[in-house]
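A.B. asks: The structure's right below; bear with me while I get my questions together.
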Amino acid sequence: MRYDIQETEAKWQDRWEDERVFNVSEDPTRPKFYNVQMYPYPSGDLHMGHLRNYSYVDLLTRYKRMQGFNVLSPMGWDSFGLPAENAAIKTGVHPREFTETQIARMKTQLRRLGAVYDWDRELASHSPDYYRWDQWLFLELYDRGLAYKRNAPVNWCPVDQTVLANEQVVDGRCERCDSVVIKRDLDQWFFKITDYAQRLLDDLDHLDAWPDRVRTMQRNWIGRSEGCTFSMEVAGTDVSFDVYTTRPDTAFGMTFAVLAPEHPLVDDLIAGTEHETAARSYIDAANGLSEIDRLAEGDKTGVFTGRFAINPVNSSQVPIWIADYVLMGYGTGAIMAVPGQDQRDWDFATKYGIEIIRTVQPPDDFEGEAYLGDGPAINSEFLDGMQMADAKSTIIEWFEEKGLGKGTVNFRVRDWLISRQRYWGCPIPMITCPTDGLVPVPADQLPVIHPDVEDYAPGGRSPLAAVESFVNVECPVCGGPAKRETDTMDTFVDSSWYYLRYCDAQNSEAIFDPAKVDYWMEVDQYIGGVEHAVLHLLYARFITKVFHDMGMVEAKEPFRALFTQGMLVKDGAKMSKSKGNVVSPEEYYARYGADAIRLFELFIGPPTDDAVWSDNGVEGTSRFLDRVWRMATDQVGKIEERPASDADREVLAEAHRMVQKVTEDIDRFSFNTAVAHLMTFANTLQAALRDGLARETHTESIRLMLLLLSPMAPHLSHELWERLGHGSMLATEAWPRWDPELVARDVVTMVIQVNGKVRDRVDVPADIDAATAEAIALASERIAEWLGGGEIRKVIARPPNIVNIVVG
RNA sequence: GCCCGGGUGGCGAAAUCGGUAGACGCUGGGGGCUUAAACCCCCCUGUCCGAGAGGACGUGUGGGUUCAAAUCCCACCCCGGGCACCA
């Protein structure tokens, strides 16, 4: 036993905190490093899966600090949200009380791991000190026209009884509870993220320290497409409608047009016609279906309106259909249908017997139906013979010259719906007055604090709506009776700016001091789960850009580097409370201590990959720590001084190679191999000590190991550092450097191949030249056997590593 | 369907630029220490052939490029993730 684990680990946890080792302030004389993990929802108990992430973050905090950076690593709580509210419904305990108990428990557990933060900057989104600035931000957005209320069909989760943002609907289901989402028409608040779509897209190109995967997901989510919007008249009427297409070059192949069932023109077109009854029942059926059911239908369905539209390129009349494969939410909610070049249109046309005209010549061997590829235009009058790109720009010019349409850009991303009909969130600071309409709550009346309620149960509207004393308020403009907004904000609003607040967390006068934010921002390393690739990470980028435009933040992007860690898996599933497969750290703390757990979490596999939990692993890293302890302590005072030998120098060289490899591996987030290099050196040192070698370099070897180990297994390395008589605290020591001369090898093993197969290995000087290497290879006795008198066709020498002799 | 990842021993994995495949750890086996056990220490642990020296094979499958391929190219299979009636 190396020491009393509980006692010693607690001792160092106290000292790091009491001596404020990781509390920092702005210091322009040192390079800064802002290290942030996605602040957690306070769900209560940390399991091994969580500890993996915290081990990474803490490693970086300590490592960067030793490298001389002014490191800010703060911690906070994403403490609004449904779990606390659902617990309140069940138990009657106020969500605040529930949440704060959970936070206290999680803090204790973070401390137990030895994770260090600047706790002076702790924040929690449910605290009025925090969410008053949510409200302030909301009003700033409102002033700038970036927050607006409108009646719109929205995603409604029937179980959680609230609306959801598009980003929170996954495969037509609620991201949180998995129930099928339905459409409802509601008056809701939106943030105008679409105004920032182009910048959010463009700046992805500069985020080269982000995983490509996340950038691709954001690109797809933003979904930019270039095309053309033009207007089509309805024959025999004075109405017209716009269509959007990415393939205006195929306009001559339009054989019908389609309106989404929700299209505002639909009513007018069918009213009083013989088609009205059929159309009406089709529309009603479509409206009653959830997005999932619409898709599940498989086959495309639609109904003819009896009307015709005039194709502006050739004045031909095409039938107007209503079909739910056209979505009201994208483009103009109406399309020109070109079955020859669009598979969906092809399917529809085939089913309903509509004419098909090809306007791009498919290759001779083409066997498909609709042809989407490039080729010369046909049946397209003045476009005939042009390739797609040419035809596209020519027809757009033509539309623009005639004033019939224009080139347009379309985005898939929609405005961010932030209203929620739930209690445990930040109240939206708006008032509706019968005289003055929508009126913002004056800034000096913030925060709008939500009152306690008796019933948290969701009933299709916010529980706050039942509290008359909250709802009824004087209009700030006219003083007359008015009503408060009772919806709360999406919790993703809270999390879209907390990393700015950390920079000045205790400011009671302003959301933050821009000077402090400019010192710390951008976040140098952001760490979290990939599940936020298009939710939080897109919202946070949007809000940062808004602050930039407000002149309050210099940075245009919040997170310079993003690291998305893998999940911990057990029994084939992600470790989580709901799956019932969590491994609780308690018994491991008792048996092995925090260091062995941390080291195993680092060692278990590549940090970006999912990893499988194994009980034996902690045993292994604990053994390694025991060995380090023994090597460091058993030999103290027993080492006889002797002159340095070649063996000593070689051990020291290995120690420096370890320093180099561990440093480089941490820098490239290869923590598992960094640990492996420490183990390899420990094996080398142990063998040398056993053989009575490496006496003189022993002290230096241990010193270097402890420095490297300190961000990974901080308790043991601090304790040893102190016991070995170093007067300083290890955490404040400088990260070691390696001596390149020592690291370089004089002699290396050269591989000799015959026809690409390894046949011999010889030690050669590292600076050997090609001719000598070749000569040595050809002189090898073992090689001679393999050459067997055959003709040597070629010798490839890559000194000092390899010589390949080709015989034939 | 489209777009990303990934597939290497009994297991987790390593191989950073095309140059010794399997570092490091786990598991398992053998031995030492011990009255005994635990701890600890030493040796072995990809498959096959061989007493051994050694040899053949081997990174999902099939081809290709190359003196040389886990790594590059083509086709395919499987697993994971994202997007998906987006006009």
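A.B. asks: Let me know the shape class of the range A:114-189, please: from the alpha-carbon gyration tensor, a ≥ b ≥ c as square roots of the eigenvalues, rounded when a/c is under 1.5, otherwise prolate if a/b is greater than b/c, or oblate. Walk me through the intermediate numbers first.
C.D. replies: Details: a/c = 3.14, a/b = 1.40, b/c = 2.25.
Taking the square roots of the gyration eigenvalues as a ≥ b ≥ c, the range A:114-189 is oblate.
A.B. asks: For the range A:246-399, what is the Kirkwood estimate of the hydrodynamic radius, computed as the reciprocal of the mean inverse distance between distinct Cα atoms, to one decimal in Å?
C.D. replies: Values: mean 1/r = 0.0612 Å⁻¹.
It is 16.4 Å.
A.B. asks: Give the dimensionless ratio obtained when the Cα radius of gyration of chain A is divided by 2.2 N^0.38 Å. Provide the component values of the computation, followed by the final result.
C.D. replies: Values: Rg = 34.0 Å, N = 808, 2.2 N^0.38 = 28.0 Å.
For chain A, the normalised Cα radius of gyration is 1.21.
A.B. asks: So what is the calculated 222 nm ellipticity per residue for chain A, using -39500 (n - 2.57) for each DSSP H run with n of 4 or more, over all residues, to the nearest 500 deg cm²/dmol?
C.D. replies: Numbers: 27 runs with 299 residues, N = 808.
Computed ellipticity for chain A at 222 nm equals -11000 deg cm²/dmol.
A.B. asks: Provide the three semi-axes, in whole Å and in decreasing order, of the ellipsoid equivalent to the range A:223-337 as defined by the square roots of 5 times the Cα gyration tensor eigenvalues. Don't jump to the answer; show the numbers that get you there.
C.D. replies: Values: eigenvalues 96, 72, 26 Å².
For the range A:223-337, the ellipsoid semi-axes come out as 22, 19, 11 Å.
A.B. asks: Give the shape of the range A:187-290 as rounded, prolate or oblate, defined through the alpha-carbon gyration tensor: a ≥ b ≥ c are the square roots of its eigenvalues, a/c under 1.5 means rounded, and otherwise the shape is prolate if a/b is larger than b/c and oblate if not. Show your work: numbers first, answer last.
C.D. replies: On the way: a/c = 2.81, a/b = 1.91, b/c = 1.47.
Prolate, since a/c reaches 1.5 and a/b exceeds b/c.
A.B. asks: Further question on the same structure: Packing-wise, with mean Cβ within 10 Å as the measure, how do A:516-522, A:57-63 rank, highest first? Write out the running numbers ahead of the final one.
C.D. replies: On the way: A:516-522: 19.7, A:57-63: 24.1.
Ranking the peptides A:516-522, A:57-63 by packing returns A:57-63, A:516-522.
A.B. asks: Here's a follow-up. Just report the Cα centroid separation between the range A:502-578 and the range A:769-808, whole Å.
C.D. replies: Here the answer is 57 Å between Cα centres.
A.B. asks: Another one. How are the alpha carbon pair distances in the range A:694-808 distributed across 10 Å bins from zero to the largest one, expressed in percent?
C.D. replies: 12, 30, 14, 14, 17, 11, 2
A.B. asks: Which whole-angstrom value gives the distance between the alpha carbon centres of the range A:418-449 and the range A:184-212?
C.D. replies: 25
A.B. asks: Kirkwood hydrodynamic radius, computed over distinct alpha-carbon pairs, for the range A:643-699: how many Å, to one decimal? Walk me through the numbers before you get to the answer.
C.D. replies: Working: mean 1/r = 0.0857 Å⁻¹.
11.7 Å is the Kirkwood radius here.
A.B. asks: Something else now. Putting +1 on Lys and Arg Cβ atoms and -1 on Asp and Glu Cβ atoms, find which of A:L708, A:A510, A:L685 reaches farthest to the positive end of the dipole of chain A.
C.D. replies: The listed residue farthest towards the positive side: A:L685.
A.B. asks: Can you spot the aspartates and glutamates whose alpha carbon is less than 13 Å from A:K570's alpha carbon? Ignore those fewer than 8 places along the same chain.
C.D. replies: Candidates past the 8-residue exclusion: A:D610, A:D615.
A.B. asks: A further question follows. If I fit a long axis through the Cα atoms of helix A:48-66 and take the longest principal axis of the Cα atoms of chain A, what angle between them do I get, 0 to 90°, rounded to 10?
C.D. replies: 60
A.B. asks: Right, here's the next one. Taking a threshold of 27 Å on the Cα-Cα distance, which of the pairs A:K149/A:K545; A:K183/A:K406; A:K64/A:K107 fall above it?
C.D. replies: Numbers: A:K149/A:K545 21 Å; A:K183/A:K406 32 Å; A:K64/A:K107 23 Å.
In this structure, A:K183/A:K406 exceed 27 Å between Cα atoms.
A.B. asks: Kindly write out, for the range A:13-29 in residue order, the coupling ³J(HN,Hα) from the Karplus curve 6.51 cos²θ - 1.76 cosθ + 1.60 (θ = phi - 60°), rounded to whole Hz, with x marking Gly and Pro.
C.D. replies: Result, ordered by residue: 4, 5, 5, 4, 7, 4, 8, 6, 5, 10, 8, 10, 9, 4, 9, x, 7 Hz.
A.B. asks: Please state the charge dipole magnitude for chain A, taken about the Cα centre, from unit charges on C-beta atoms (+1 on K and R, -1 on D and E), reported in debye and rounded to the nearest 20.
C.D. replies: Values: 83 positive and 125 negative charges, 325 e Å.
Charge dipole, chain A, about its Cα centre: 1560 debye, nearest 20.
A.B. asks: Given Cα pairs under 8 Å that are at least 6 residues apart, what percent is the relative contact order of chain A? Don't skip to the end; give the middle numbers.
C.D. replies: Details: 1436 pairs, mean separation 110.6, N = 808.
That works out to 14 percent.
A.B. asks: Report, by chain and number, residues whose modeled amide H sits under 5 Å from the one on A:D342, excluding near sequence neighbours (fewer than 5 apart, same chain).
C.D. replies: Amide H neighbours of A:D342: A:Y371.
A.B. asks: Could you pull out every residue, at least 5 positions away or on a different chain, whose amide H is within less than 5 Å of the one on A:G306? Hs are placed 1.01 Å off N in the peptide plane, and Pro or chain starts have none.
C.D. replies: A:I320
A.B. asks: Right, next: How do A:S43, A:S73 rank by accessible surface area computed with a 1.4 Å probe, from largest to smallest? List each step's numbers first, then the result.
C.D. replies: Numbers: A:S43 45, A:S73 5 Å².
Ranked from most to least accessible, the order is A:S43, A:S73.
A.B. asks: Turning to a different aspect of this structure: Could you pull out every residue, at least 5 positions away or on a different chain, whose amide H is within less than 5 Å of the one on A:N70? Hs are placed 1.01 Å off N in the peptide plane, and Pro or chain starts have none.
C.D. replies: A:K32, A:F33
A.B. asks: To test your reading of the geometry: what angle, between 0 and 90 degrees and rounded to tens, separates the Cα axis of helix A:212-222 from the longest principal axis of chain A?
C.D. replies: That helix lies at roughly 10 degrees to the long axis.
A.B. asks: If a/c stays under 1.5 just call it rounded; otherwise compare a/b with b/c (prolate if a/b is bigger, oblate if not). Do that for the range A:540-601, with a ≥ b ≥ c from the square roots of the Cα gyration tensor eigenvalues. Walk me through the numbers before you get to the answer.
C.D. replies: Details: a/c = 3.79, a/b = 2.44, b/c = 1.55.
Verdict is prolate for the range A:540-601.
A.B. asks: Moving on. Residue by residue through the range A:591-601, what is 3J(HN,Hα) from phi via Karplus (6.51 cos²θ - 1.76 cosθ + 1.60, θ = phi - 60°)? Round to whole Hz and write x for glycine and proline.
C.D. replies: 8, 10, x, 5, 4, 5, 5, 4, 5, 5, 4
A.B. asks: Let me cross-check A:E785: its accessible surface, 1.4 Å probe, with only protein heavy atoms counted, in Å² to the nearest 10?
C.D. replies: Here the accessible area works out near 140 Å².
A.B. asks: Using alpha carbons only, how many degrees (0 to 90, rounded to 10) separate the axis of helix A:536-549 from the longest principal axis of chain A?
C.D. replies: 80
A.B. asks: Sort A:757-770, A:411-424 by packing, meaning the average of other beta carbons within 10 Å per residue, with the highest value first.
C.D. replies: Working: A:757-770: 14.0, A:411-424: 22.7.
Packing proxy ranking, top to bottom: A:411-424, A:757-770.
A.B. asks: Would you mind putting A:705-718, A:327-340, A:234-247 in packing order, based on average other-beta-carbon counts within 10 Å, highest first?
C.D. replies: A:705-718, A:327-340, A:234-247
A.B. asks: So what are the ³J(HN,Hα) numbers for the range A:512-519, from phi and the Karplus equation (6.51, -1.76, 1.60; θ = phi - 60°), rounded to whole Hz, Gly and Pro as x?
C.D. replies: Karplus-based 3J(HN,Hα) across the range A:512-519 equals 5, 8, x, 5, 5, 4, 5, 5 Hz.
A.B. asks: Between the range A:586-609 and the range A:708-741, how many Å separate their Cα centres?
C.D. replies: What the calculation gives is 20 Å, centre to centre.
The values are calculated or read from the model by the stated rules, or taken from the named source; none is laboratory data. Just so we're clear, the structure is a prediction, and the values are computed from it rather than from any experiment. All Cβ positions, glycine included, derive from the backbone under ideal geometry; neighbour counts span all protein chains shown. Accessible surface is based on the protein model in full, side chains and every heavy atom, while ligands, DNA and RNA are left aside. Shrake-Rupley method; radii C 1.70, N 1.55, O 1.52, S 1.80 Å.
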